[in-house]
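Down below is the structure, laid out as structure tokens.
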Amino acid sequence: MLRTILTAALATMAAPAFANDSVAELGTGGLILSRSDAVAMQSEDLFISPEKVTVNYVFRNNTDKDVSSIVAFPMPDIEGDPNEMPALPEAQSDNFLGFEVTIDGVDAKPQLEQRAFALGIDITADLKAQNVPLYPFGDAAKAALAKLPKDVTKDWEDRGIIIEDTADDGSGMQTAYVPFWQLRSTYWWRSTFPANKEVHVSHRYKPSVGGTSSVSFFSEGQFQSPQYDTYKTRYCMDQTFENVVRKAAKANPDGYPKYYESRIAYILTTGGNWASGTIGNFKLTIDKGSPKNLVSFCGDNVKKVGPTTFEITAKDFYPERDIDILLLEPSDNGGNGG
């Protein structure tokens, strides 16, 4: 049996916080295959929207021997920092992106491997010894920390595992110890690519959508650098997009465009290490959600195929950059879309 390893790229790419009203997005990605001349990616159909990400692959083992594989899907690393809460679709669950996968139409049952770290040191055993859940943002972890013996609390605070935090819980300002560790999570399962046959693999999850309650790159009647320069490069904002922003600002007596930002990051460049290194047939569909939303992203030969959808197709495609999507959503239900 030939052996190889499949892994999924889900690297953490938290966007910089522009203000206290910003929430960072976590970059997500798709399956990649460790270098192998046996399994080729015949096609990839990628769909991205604010509500869901779906990826449908067709792999083919071009050899006369079966390929036995471990398939892994690393979730993005998350930091238990009360001051830097990322956008988590399933905030109380270990499966915080709602990840699911099927192989040839059959639901796979992936196992979840989790490890916790503080200052780069593995503290998984420490947490388990005190019955503290590894997931740092769940209510269960906070409740377990409240029951820790005083000597353990002091030790963990000294080691950077927990920190003291003061916040209003609805009954006034309260001080409690909260998680400060990093969680690394990976879903994995075993799979076989039969000789000279296709295998259809599909996975889906809810994206981590970052946001800002205003347009961070436009104020006082003009685009503001360096934020504007960063966005221009990252999202390829064109003249039409910018003109709509200017028009919205002029229409508002306060002089700022009545939109708020949403941001989605998809890691695409980690792919390409399967047989031939390219995707035979690649299709990307981006859905901006509402016809009134503005959308900007980088790509060649983009076609608008519906009121809210845009499409890119390519043959023998090799990904050279990641996909970063900027959405401007009307804050007053106005806007013309674009």
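Throughout, read-outs are computed from the coordinates displayed, never taken from laboratory work. Values in this document were obtained by computation on a predicted structure and should not be read as measured data. Here Cβ is always computed from backbone atoms with ideal geometry, including for glycine, and neighbour counts include all displayed protein chains.
Quick check on the chain: helices-only [θ] at 222 nm, where DSSP H runs of length 4 and up contribute -39,500 (n - 2.57) each and the sum goes over total residues. Nearest 500, please. Intermediate results must be reported in sequence, preceding the final value.
Details: 5 runs with 44 residues, N = 338.
Here the helix-only value at 222 nm equals -3500 deg cm²/dmol.
The aspartates and glutamates whose alpha-carbon is closer than 17 Å to the alpha-carbon of residue 283, local same-chain residues fewer than 8 away aside, are 44, 45, 300, 311, 316, 320, 322, 324.
When only C-alpha pairs under 8 Å and at least 6 residues apart count, what is the relative contact order of the range 67-214, in percent? Contact order relative to length: 44 percent. Could you name the lysines whose alpha carbon sits less than 30 Å from that of residue 154, not counting residues in the same chain fewer than 8 places away? Straight-line reach from residue 154, under 30 Å: 128, 142. Note on the range 141-158 and the range 67-103: Cα centroid distance 25 Å, given to the nearest whole angstrom. Loop-located chymotrypsin sites (Phe, Trp or Tyr not before Pro) in the range 63-123 (DSSP state other than H, G, I, E, B) with a sparse environment of at most 14 neighbouring Cβ atoms within 10 Å are absent. Each semi-axis of the equivalent ellipsoid for the range 234-326 is √(5λ) with λ an eigenvalue of the Cα gyration tensor; in descending order they amount to 32, 13, 10 Å.
Would you kindly state the longest site-free stretch of the chain, with sites defined as trypsin sites (Lys or Arg not before Pro) in a DSSP loop (not H, G, I, E, B) surrounded by at most 14 other Cβ atoms within 10 Å?
Values: sites that count: 35, 52, 65, 147, 197, 321.
By the stated rule (loop sites, at most 14 other Cβ atoms within 10 Å), 198-320.
Are there any GluC sites (Glu not before Pro) in the range 99-182 that are in a DSSP loop and have at most 13 other Cβ atoms within 10 Å? List them by number. Answer in residue order: no site qualifies. Out of every Cα-Cα pair that the range 132-180 contains, those further apart than 14 angstrom amount to 51 percent.
Averaging 1/r over each pair of different alpha-carbon atoms in the range 166-216 and inverting the result gives 17.7 Å, the Kirkwood hydrodynamic radius.
Other residues lying with their Cβ under 12 Å from the Cβ of residue 49 contribute a combined charge of +2, Lys and Arg counting +1, Asp and Glu -1. According to the Cα-based calculation, Rg over Rh for the range 95-253 is 1.13, with Rh computed by the Kirkwood formula. Taking every alpha-carbon pair in the chain and binning the separations at 10 Å intervals from zero gives 5, 23, 27, 24, 16, 5, 0 percent. Comparing 124, 256, 140 along the charge dipole axis of the chain, the residue lying farthest to the positive side is 256, per the Cβ-charge model.
Modelled label positions at residue 238 and residue 115, each set 7 Å beyond Cα in the direction of Cβ, lie 4.6 nm from each other. The mean sequence separation of alpha-carbon pairs under 8 Å and at least six residues apart, normalised by the residue count of the chain, gives a relative contact order of 24 percent.
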